[in-house]
Amino acid sequence: MTETEFRSDIKSPKGIYFFYGEEDYMKNHYAAQIKAAVVTDPGFAAFNYARFSDDSYDLEAIREAVLAPPVMAEKKLVDISLSDLDKLLNEKERTALLEMLTDAFDDGADDGMALSLFGESAGVADSVVVILRVAANGFDAGTAKRPSAFLKNAGKIMKTVQFDFQTDARLVRWIERHFAEYGLTVSQPAAMRILNLCGRSMFRLSGELAKTAAYTAESGRTEVTADDVDQTVTRTDEDDAFRLANCVLEGNITAALDALAVKMRKREEPIVVLSQITRVFCDLAAAAHALEEGMSSAEFAKIMKMHSYKAGLYLNAARTRPADYFDRAAARCAEADRKIKSTPLGYAVIERLICGG
């Protein structure tokens, strides 16, 4: 289901929805919208809204909630929110959940009919909405060509919606709207500075934006500046990886090792740190080749699905070296990835990568 189809569909929610992917903020946002559309009378919310999570997950209790009729309302909502579907439920339990929902929503089956308050049979498919949502990294969806068994089977009875991190352009617009609620404006460079420091998680961004908005407003100004951002926003791993890569480009090995030391003190997994560095060099290689082809910043941003400001940063950094330099750097990252996965060397592999060893 495309995003446009999904947004149209939830104006009048129906059936079963399965939310998965990286962006938990959007899952919760749309779950709240569905709840508002289904549970319209707060006085009967106790009867028409059932929530299950890790601690309260019980298949029989969920089945009873699905089959119970709505009270003084056309529909009810059953919301199942799990932190890790793959770990909490084994394969047999996942299959049982799908089978239960399939049976319940089969209007031709006896247990797929719910008695209304007036003793009339009402199909579960018409009277109950179910949301199954899984937190980021709590579900292996497989790939587009080879989806996981659960996703493939879920797609037969559910409306599956994948929530990935938003593009930079969308996040910048969201940041602008967020600050506007505080009566503030923000320049694009300042908004991109927030993204580069904070990362793309909208949960984290919302908290950092609130801090920055309060700081700016208290200062008596109406525009958020890059200085306001630096004063309030906490640096995240993505910016550290870009800074580390820039240190390598500048030949400043000491600064690069210092940046790596920060990650080591945070006890970040070496393989995760290496993947961040690898992504930066791959993006820089792409930028270098784009420059060789005479590509504009706007064209590069569109191809890479980057905000124009970030694309400009990468293109400027890529101008310092020929494209084959970045190709070799990306290849060395790939070789380091092989070593880090096949040896117990850990951070030593990344240190050697930085020092050119």
Positions within the stretch 44-61 being of a type in the set (D, E, K, R) and either part of a helix (DSSP H, G or I) or in contact with a strand residue (DSSP E or B) (Cβ under 7 Å, 6 or more places away or on another chain) (or both), in sequence order:
R51, D54, E60
Verdict on N48 being within 20 Å of S127 (Cβ to Cβ) and not assigned by TED's automatic domain parsing to the domain that holds S201:
yes
Any idea how many residues of the stretch 245-265 are free of Cβ contacts under 8 Å to residues at least 24 places away in the same chain, surrounded by fewer than 18 Cβ atoms within 10 Å (Cβ to Cβ) and either within 29 Å of the chain's Cα centre (by Cα) or assigned to a helix (DSSP H, G or I) (or both)?
6
How many residues does the stretch 316-334 hold that are within 26 Å of the chain's Cα centre (by Cα), more than 15 Å from V248 (Cβ to Cβ) and buried (at least 16 other Cβ atoms within 10 Å of the Cβ)?
0
Considering only the stretch 48-82, how many residues are over 16 Å from G15 (Cβ atoms) and touching a Lys or Arg at 6+ places or on another chain (Cβ under 7 Å)?
3
Among the residues of the stretch 1-15, is any modelled with pLDDT of 95 or more and among the hydrophobic types (A, V, I, L, M, F, W, C)?
no
Which of the residues spanning the stretch 167-179 are under 16 Å from A311 (Cα atoms) and in contact (Cβ under 8 Å) with a residue 24 or more places away in the chain?
T167, D168, A169, L171, V172
Quick check on A210: is it part of a helix (DSSP H, G or I) and modelled with pLDDT of 75 or more?
yes
Which condition does M192 not pass, out of (1) assigned by TED's automatic domain parsing to the domain that holds T95; (2) within 26 Å of M306 (Cβ to Cβ), if it passes all the others?
(1)
For the stretch 187-205, which residues satisfy the criterion of being part of a helix (DSSP H, G or I), of a type outside the set (A, V, I, L, M) and farther than 10 Å from A226 by Cβ?
Q188, N196, C198, F203, R204
Would you confirm whether any residue within the stretch 307-325 is of a type in the set (A, V, I, L, M, F, W, C), farther than 24 Å from A259 by Cα and in a helix (DSSP H, G or I)?
yes
Residue that is aromatic (F, W, Y), in a strand (DSSP E or B) and in contact (Cβ under 8 Å) with a residue 60 or more places away in the chain, where the choices are F18, F6:
F18
Which one of A191, A226 is surrounded by fewer than 21 Cβ atoms within 10 Å (Cβ to Cβ), within 23 Å of Y314 (Cβ to Cβ), in contact with a helix residue (DSSP H, G or I) (Cβ under 7 Å, 6 or more places away or on another chain) and not acidic (D, E)?
A226
Among residues belonging to the stretch 194-209 that are free of Cβ contacts under 8 Å to residues at least 60 places away in the same chain and small (G, A, S), point out the one that is nearest to L313 (Cα to Cα).
G199
Residues that are at pLDDT 80 or above and closer than 25 Å to M192 by Cα: does the stretch 331-338 have at least one?
no
Show the residue pairs that are 6+ apart or on different chains and have beta-carbon atoms under 6 Å apart, the first residue being within the stretch 65-82 and assigned by TED's automatic domain parsing to the domain that holds K35, the second being buried (at least 18 other Cβ atoms within 10 Å of the Cβ) and in a loop (DSSP other than H, G, I, E, B).
K76/P70; L77/V39
Where in the stretch 62-173 are there strands (runs of 3 or more DSSP E), lying fully within it, with 2 or more residues that are surrounded by 14 or more Cβ atoms within 10 Å (Cβ to Cβ) and at pLDDT 85 or above?
76-82, 128-134, 159-162
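The values are calculated or read from the model by the stated rules, or taken from the named source; none is laboratory data. Everything quoted here is computed from the prediction, not taken from an experiment. Note: ideal-geometry Cβ built from the backbone for every residue, glycine included; neighbour counts use all protein chains shown.
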